[in-house]
Amino acid sequence: MTQRERLLEEQIMVDAAPADVHRVVSDLRNMGRWSPECRRVWLPRSADRPGARFIGFNRRGLFVWFTMGRITVLRAPQAPAWTGEFGFDVGIFGLPIARWGYRFEPEGDGTRVTETWQDLRTGRGAGLADLLGAVFAGTRPERRVEVNRAGMRITLARLAAACGRSQTAG
């Protein structure tokens, strides 16, 4: 049995300042515009701090599901480093599913945006979380990396197009 890949990272260059890109991405109401799976995010309260919770409504093909999320990192780019971060964990029925993150680094006149994904379906409850992913999201565990990599590339391309010109970054 092969070891399952549990970490992904994709990058793109965006022709906008790190603070501007951070502001757009960290407003979770925008996530439905970028992500090919997330259709909408509902925020019961302001999501301007770590610990804030939200619900993501997702769809891929005929499959529809929701996730409960919690912001884990919200650090706006500030001088002198100008690197910012935004991250959140998602789960379902109390089971951890994934950790999503974004890093915003100045590069030339633009921003290198790095999107990361970490599979949190490990340990106790992992089998049930895998089963729920297959039933509700239509993705078997062995395909999740492939599906997420493609989705991350689409998300970053849409984000870059909305923020300005872009080019793929290594």
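The values are calculated or read from the model by the stated rules, or taken from the named source; none is laboratory data. Quick caveat, the model's predicted, so the values are computed rather than measured. Cβ placement follows ideal geometry from the backbone for every residue including glycine, while neighbour counts extend to all protein chains displayed. Please note that ligands, DNA and RNA were not included when accessible areas were found on the heavy atoms of the full protein model with its side chains. Shrake-Rupley method; radii C 1.70, N 1.55, O 1.52, S 1.80 Å.
Structure notes:
- Per-residue ellipticity at 222 nm computed for the chain from its helices equals -8500 deg cm²/dmol, with DSSP H segments shorter than 4 residues left out and the rest contributing -39,500 (n - 2.57).
- For region 14-143, the share of accessible area belonging to carbon and sulfur comes to 55 percent (1.4 Å probe, ligands and nucleic acids excluded).
- The local environment of Pro50, defined by Cβ-Cβ distances under 10 Å, has a net charge of +2 under the rule Lys, Arg +1 and Asp, Glu -1.
- Pair Glu146, Phe63: separation of 7 Å Cα→Cβ label points (nm): 1.2
- In region 17-70, one over the average inverse separation of all distinct C-alpha pairs is 11.8 Å, which is the Kirkwood hydrodynamic radius.
- Surface per residue (accessible, 1.4 Å probe) for the chain, Å²: 55
- With a simple spin-label model that places each label point 7 Å from the Cα along the Cα-to-Cβ direction, the separation between Val24 and Arg124 comes to 4.3 nm.
- When peptides 47-60, 6-19 are ranked by their average number of other Cβ atoms within 10 Å per residue, the highest-first order is 6-19, 47-60.
- Cα gyration tensor shape of region 72-140, rounded if a/c is under 1.5, else prolate or oblate by comparing a/b with b/c: prolate
- Other residues whose C-beta falls under 11 angstrom from the C-beta of His22 contribute a net charge of -1, scoring Lys and Arg +1 and Asp and Glu -1.
- Volume of the Cα convex hull of the chain, divided per residue and given in Å³: 117
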